[in-house]
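Enquirer: Let me begin by handing over the structure; questions about it come next.
The values are calculated or read from the model by the stated rules, or taken from the named source; none is laboratory data. This one's a predicted model, so the numbers in the text were calculated from it and none came from an experiment. Cβ placement follows ideal geometry from the backbone for every residue including glycine, while neighbour counts extend to all protein chains displayed. Note: accessible area is taken over every heavy atom of the protein model, side chains too, but ligands, DNA and RNA are not part of it. Shrake-Rupley method; radii C 1.70, N 1.55, O 1.52, S 1.80 Å.
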Amino acid sequence: MTVPTISHIEWFVIDLNRSVAFLNGLFGWQFEVFSEHYRLYTPESGPRVGLMEVAAIKPCEATFGYVTVDDIERYLQRAEQLGGCVVTGRSEIPNYGWYAQIADPDGNRVGLFQAWISQQ
């Protein structure tokens, strides 16, 4: 029996174009049109990311995911430049790395993770 893996992570967004621009500018993700109100990013490996356009959202009432990055501070600054905000600044995970949290322009939170090894 194989261990189940994550198929995709889905974010509800109010403005599809704004969210695509934010995530493309922050992480370089290229989204494809899946349907009128849905965009899909498919990386070479790992789970896909789906953006579903909805009329309203309640941020933080869903699963919370983390994205591995090589320089948290750079991503925190870039998130703010793209219209997001820093929710939790860089915080240490002793003997392991750092984490931070940002919010996209709709208020959806996204975690950032940087392992210590990427600093060496």
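Enquirer: Accessible area per residue of the chain at 1.4 Å probe, in Å²?
Expert: That works out to 64 Å² for each residue.
Enquirer: Okay, next question. Could you give the nm distance between label points at E10 and C85, where each point is 7 Å from its Cα heading toward the beta carbon?
Expert: Here the answer is 2.8 nm between the modelled labels.
Enquirer: If you restrict to DSSP beta bridges whose two residues both lie in region 10-120, what percentage is antiparallel, to the nearest 5?
Expert: 75 percent
Enquirer: Based on the Cα coordinates of the chain, what is the per residue volume of their convex hull in Å³?
Expert: 136 Å³
Enquirer: At 0.36 nm per residue, minus the direct Cα-Cα distance, what do F34 and R74 gain on full extension? Give it in nm, one decimal, please.
Expert: Values: separation 40, 0.36 × 40 = 14.40 nm, distance 3.05 nm.
Result for the pair: 11.4 nm of gain on full extension.
Enquirer: Please get the size of the charge dipole for the chain, origin at its Cα centre, with Cβ charges of +1 on Lys and Arg and -1 on Asp and Glu, quoted in debye to the nearest 20.
Expert: Roughly 120 debye for the chain.
Enquirer: Moving to a separate point now. Keeping the other protein chains in place, figure out the carbon and sulfur percent of the accessible area of the chain, with a 1.4 Å probe.
Expert: The C+S portion of the solvent-accessible surface of the chain is 51 percent.
Enquirer: To continue, here is another question. Multiply the residue separation of I93 and Y66 by 0.36 nm, subtract the distance between their alpha-carbon atoms, and state the gained length in nm to one decimal.
Expert: 8.3 nm
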